[in-house]
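The values are calculated or read from the model by the stated rules, or taken from the named source; none is laboratory data. Quick caveat, the model's predicted, so the values are computed rather than measured. Backbone-built Cβ (ideal geometry, glycine too); neighbour counts: all protein chains shown. Ligands, DNA and RNA are excluded from the accessible area calculation, which covers all protein heavy atoms including side chains. Shrake-Rupley method; radii C 1.70, N 1.55, O 1.52, S 1.80 Å.
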Amino acid sequence: RDLSANVGLEDVAGKFASNSAGWLLISLAVAFHEGGHFYTALSQSMRIKEYAIGFGPKVLSRKGGERNITYSLRALPFGGFVSFPSVRGAEEDEREEEESNAKGELSSKDRSGDEEDDDMKF
């Protein structure tokens, strides 16, 4: 007897619901985990550039607060990160960003898409 022919809409909907619930739980765990890094950095008065859930292109993004932190939700829900300024110093980062924006150019990080030098990713 071939059981694959008996797959109904209820089976597909059930699998979708259980997979969605699994991804939601993983995403919540990642958000909580990264929130620990975020809270620790704030409590130590560290400068934070971005708090993100997921990797890849930004789906939703908001910049705000007195610390001017970018909060983002990204396309691939396989992790997250808290981004800190580079070790060169915040002033150099800001000056370099302002200069590249004034010229209408992308910074080398924007061109390469590589944030691993400045980010703590898990």
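Does any residue of the range 75-92 turn out to be in a helix (DSSP H, G or I), more than 23 Å from I26 (Cβ to Cβ) and at pLDDT 60 or above?
Yes; the residues of the range 75-92 include at least one that is in a helix (DSSP H, G or I), more than 23 Å from I26 (Cβ to Cβ) and at pLDDT 60 or above.
Filter the range 46-72 down to residues that are open to solvent by 90 Å² or more (accessible area, probe 1.4 Å) and acidic (D, E), then give me how many there are.
1
Among the residues of the range 33-45, is there at least one that is under 30 Å from N19 (Cα atoms), open to solvent by 30 Å² or more (accessible area, probe 1.4 Å), at pLDDT below 90 and of a type outside the set (S, T, Y)?
No, the conditions are met nowhere in the range 33-45.
Taking R111 as the residue in question, decide whether it is among the basic types (K, R), at pLDDT 65 or above and open to solvent by 60 Å² or more (accessible area, probe 1.4 Å).
Considered against the rule, which asks whether it is among the basic types (K, R), at pLDDT 65 or above and open to solvent by 60 Å² or more (accessible area, probe 1.4 Å), R111 comes out as no.
Among the residues of the range 61-74, how many are assigned to a loop (DSSP other than H, G, I, E, B) and touching a residue at least 12 places away in the same chain (Cβ under 8 Å)?
The qualifying residues number 1.
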